[in-house]
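Below is one structure, written out as structure tokens, with a few remarks after it.
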Amino acid sequence: MLQVFGFDRIGVVVGDLYFLDPVQKKGQEGAEHGVRLEVRLLEPGELKGSIYSARPISIGAPVWRADLLETVDGPPGSLDRAHHHPRMQDWEPRGRTFDAELSADPVGWVGRQLSDLEGLLDRAGVEVDATLAADAGSLRAVVPEVQRAVTAMLDQVKAGTLGTAPAGEQLTGARISWL
């Protein structure tokens with residue numbers, strides 16, 4: 001599942017994730033699943049037809065990511081692998097940051113991060129101009145809606161209806177998600 005909250009130049013994308021890294025790092029053995037949330041740059045495309053045609057929309061590069069993940073074989077709702085990436089570069093995350101507040105209150109923590117979009121962008125190395133400042137105000141107004149979307153997806157992961165492996169396959173590696 002993918003949900004998008006879009007503004008002038010910033011989008012918040014939220015999706016479920018099932019992940020099994022074939023080159024597992026110590027402490028990250030086994031599959032994980034949960035919800036991934038990213039702040040991304042948006043770009044409107046040129047119309048492809050008449051003034052009435054649908055406008056292409058590009059969801060561009062991520063600038064920040066939160067992974068609300070847990071071990072698949074662990075207790076549902078544990079979020080034992082929850083972390084965030086305060087900075088992204090060339091589509092790649094730059095180091096995992098673990099935060100006790102994130103694991104203790106993931107939805108509240110996400111809301112606090114998104115409510116300070118200017119600070120989040122500054123820490124990610126993105127210069128905040130007037131358009132991004134306006135997007136920050138617009139995002140603050142819908143943070144509760146983003147939080148509801150995250151809560152609903154986390155509940156569905158916990159119930160086993162999202163963030164699941166393909167049925168009937170023996171996997172050695174997988175990434176099932178939009179994000």
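Within segment 87-102, at least one residue is part of a helix (DSSP H, G or I) and small (Gly, Ala, Ser).
Has segment 49-58 got at least one residue that is assigned to a loop (DSSP other than H, G, I, E, B) and among the basic types (Lys, Arg)? Yes, that holds for at least one residue. Scanning segment 81-114 for residues that are of a type in the set (S, T, N, Q) and surrounded by fewer than 15 Cβ atoms within 10 Å (Cβ to Cβ), we see that the one that is farthest from ALA31 (Cα to Cα) is GLN89. Give me a count of the residues in segment 137-179 that are aliphatic (A, V, I, L, M), closer than 26 Å to GLN113 by Cα and touching a residue at least 24 places away in the same chain (Cβ under 8 Å). Residues flagged as aliphatic (A, V, I, L, M), closer than 26 Å to GLN113 by Cα and touching a residue at least 24 places away in the same chain (Cβ under 8 Å) within segment 137-179 amount to 12.
Scan segment 125-167 for residues that are farther than 22 Å from GLU43 by Cα and among the β-branched types (Val, Ile, Thr) and the total you get is 5. Of the residues examined, LEU102 is one that is aliphatic (A, V, I, L, M) and closer than 19 Å to HIS33 by Cα.
Of the residues making up segment 6-48, those that are in a loop (DSSP other than H, G, I, E, B), under 22 Å from ARG175 (Cα atoms) and either in contact with a strand residue (DSSP E or B) (Cβ under 6 Å, 6 or more places away or on another chain) or at pLDDT 95 or above (or both) are GLY30, ALA31. The residues of segment 129-148 that are of a type outside the set (Asp, Glu) and in contact with a helix residue (DSSP H, G or I) (Cβ under 8 Å, 6 or more places away or on another chain), listed by number, are LEU132, ALA133, ALA136, LEU139, ARG140, VAL143, PRO144, VAL146, GLN147. Within segment 96-107, residues that are without any contact (Cβ under 8 Å) to a residue 60 or more places away in the chain reach partners that are hydroxyl-bearing (Ser, Thr, Tyr) and part of a helix (DSSP H, G or I) with beta carbons closer than 8 Å, at six or more positions or on different chains, in the pairs VAL107/THR151. Residue pairs whose Cβ atoms lie under 7 Å apart, separated by 6 or more positions or on different chains, with the first residue in segment 49-74 and free of Cβ contacts under 8 Å to residues at least 24 places away in the same chain and the second charged (D, E, K, R), are PRO56/LYS48; SER58/GLU43; GLY60/ARG40; GLY60/GLU43; GLY74/ASP80. All but one of (1) over 17 Å from LEU162 (Cα atoms); (2) assigned to a strand (DSSP E or B) hold for VAL107, so report the exception by its number. Single failed check for VAL107: (2). Residues in segment 74-86 include none that are in a strand (DSSP E or B), closer than 16 Å to VAL157 by Cα and not basic (Lys, Arg). Within this structure, VAL126 passes the test of being outside any helix (DSSP H, G or I) and crowded, with 16+ Cβ neighbours inside 10 Å.
A quick yes/no check of all residues on (1) polar (S, T, N, Q); (2) at pLDDT 90 or above; (3) in contact with a Phe, Trp or Tyr (Cβ under 6 Å, 6 or more places away or on another chain); (4) surrounded by 15 or more Cβ atoms within 10 Å (Cβ to Cβ):
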{"site": "GLY77", "(1), (2), (3), (4)": "no, no, no, no"}
{"site": "LEU120", "(1), (2), (3), (4)": "no, yes, yes, yes"}
{"site": "VAL143", "(1), (2), (3), (4)": "no, yes, no, yes"}
{"site": "ALA159", "(1), (2), (3), (4)": "no, yes, no, no"}
{"site": "ARG175", "(1), (2), (3), (4)": "no, no, yes, no"}
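The values are calculated or read from the model by the stated rules, or taken from the named source; none is laboratory data. Quantities reported herein were computed from a predicted structural model and do not represent experimental measurements. Here Cβ is always computed from backbone atoms with ideal geometry, including for glycine, and neighbour counts include all displayed protein chains.
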